[in-house]
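Asker: First the structure, which I've put down as structure tokens, then a few questions once you've had a look.
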Amino acid sequence: MASDQEWTVQLEVPAESRHLHIVRLTAAGAAAEAGLSAEEVEDVKIAIDELCSVYIAATSGQERITLRFEASSDSLAIEATAPAKGDLIVDDLARTILDATVDTLAVGPDAPSGGFRVLKHRRVL
């Protein structure tokens, strides 16, 4: 079921691998609420896991990660602010995974917040 409402949810957790399950669950819930299909929800979970892992690697777990989930009439955007320490480095494997799972990707200086921003459009059937 597609949602036509626009809304925003923000999540902040310690930038530690042990909290990734919370981020994945939140991403899955946000994607489902935004009207994405089951396959698209899985894509969002995979992408957010990759990006948060990159974020955690850049910070050595010494920070918090703040994620903003924004639903529109046809998509879900997920954005994280830049880490205070370290640069976000997306290696070739992660880039391949991300390119296969999201429609738009911006990382580091290309992202509005300096962190990352992904966009997943709801497939129209």
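Asker: In whole Å, what is the distance between the alpha-carbon centres of region 81-103 and region 13-69?
Answerer: When both Cα centres are located, 12 Å separates them.
Asker: Under unit Cβ charges (Lys, Arg +1; Asp, Glu -1), what dipole magnitude, rounded to 20 debye, does the chain have relative to its Cα centre? Let's see the in-between values first.
Answerer: Details: 11 positive and 21 negative charges, 58 e Å.
About 280 debye.
Asker: Residue by residue, what Karplus-based ³J(HN,Hα) values in Hz, rounded to whole numbers, does region 82-88 have, using 6.51, -1.76 and 1.60 with θ = phi - 60° and x for Gly and Pro?
Answerer: Computed from phi, the couplings for region 82-88 are 5, x, 5, 10, x, 9, 7 Hz.
Asker: Next up: Below 8 Å between Cα atoms, with a sequence gap of 6+, how large is the relative contact order for the chain in percent?
Answerer: Result for the chain is 29 percent.
Asker: Can you give me the distance in nm between label points at Thr8 and Ser72, each placed 7 Å from the Cα along the Cα-to-Cβ direction?
Answerer: Here the modelled spin labels are 1.4 nm apart.
Asker: Estimate the FRET efficiency between Arg64 and Leu119 by the formula 1/(1 + (r/R0)^6), using the beta-carbon distance for r and 30 Å for R0, to the nearest 0.05.
Answerer: Efficiency, rounded to the nearest 0.05: 0.80.
Asker: Just to confirm a number: summing +1 for Lys and Arg and -1 for Asp and Glu over residues other than Lys45 whose beta-carbon lies under 13 angstrom from that of Lys45, what do you get? Let's see the in-between values first.
Answerer: Working: positive: Arg24, Lys120; negative: Glu39, Glu40, Glu42, Asp43, Asp49, Glu50.
Residues near Lys45 contribute -4 overall.
Asker: Further question: Can you give the translational diffusion coefficient of the chain in µm²/s, computed by Stokes-Einstein from the Kirkwood radius over Cα pairs at 10 °C and 1.306 mPa s?
Answerer: The diffusion coefficient I find is 112 µm²/s.
Asker: Probe radius 1.4 Å, ligands and nucleic acids ignored: give me the carbon and sulfur share of the accessible area of region 22-125 as a rounded percent.
Answerer: 52 percent
Asker: Mind checking the alpha-carbon convex hull of region 42-85 and giving the volume per residue in Å³? Don't jump to the answer; show the numbers that get you there.
Answerer: On the way: hull volume 2.7 nm³, N = 44.
Hull volume normalised by residue count: 62 Å³.
Asker: Pop the C-beta distance of Ile22 and Arg95 into the FRET formula with R0 = 25 Å and round what comes out to the nearest 0.05.
Answerer: It comes out at approximately 0.50.
Asker: Let me ask something else. Non-local amide H neighbours of Arg122 (under 5 Å, H modeled in plane, Pro and chain starts lacking H): which ones?
Answerer: Residues meeting the amide H criterion: Ser75, Leu76.
Asker: Tally Lys/Arg at +1 and Asp/Glu at -1 over every other residue whose Cβ is under 11 Å from the Cβ of Glu12; what's the total?
Answerer: +1
Asker: Let me ask you something else. State in Å² the accessible area per residue of the chain; use a 1.4 Å probe, count heavy atoms of protein chains only, and round to the nearest integer.
Answerer: Roughly 53 Å² per residue, with all protein chains present.
Asker: On to the next question. Subtracting the Cα-Cα distance from 0.36 nm times the residue separation, let me have the gained length for Asp87 to Ser53 in nm, one decimal.
Answerer: Here the answer is 11.0 nm.
Asker: With only Lys, Arg, Asp and Glu charged, each at its Cβ (+1 for the first two, -1 for the last two), find how big the charge dipole of region 58-124 is about the Cα centre; round to the nearest 20 debye.
Answerer: 220 debye
The values are calculated or read from the model by the stated rules, or taken from the named source; none is laboratory data. Keep in mind that this is a model prediction, so the values were computed, not measured. All Cβ positions, glycine included, derive from the backbone under ideal geometry; neighbour counts span all protein chains shown. For the accessible areas, the whole protein counts, side chains as well, though only heavy atoms, and no ligand, DNA or RNA atoms are used. Shrake-Rupley method; radii C 1.70, N 1.55, O 1.52, S 1.80 Å.
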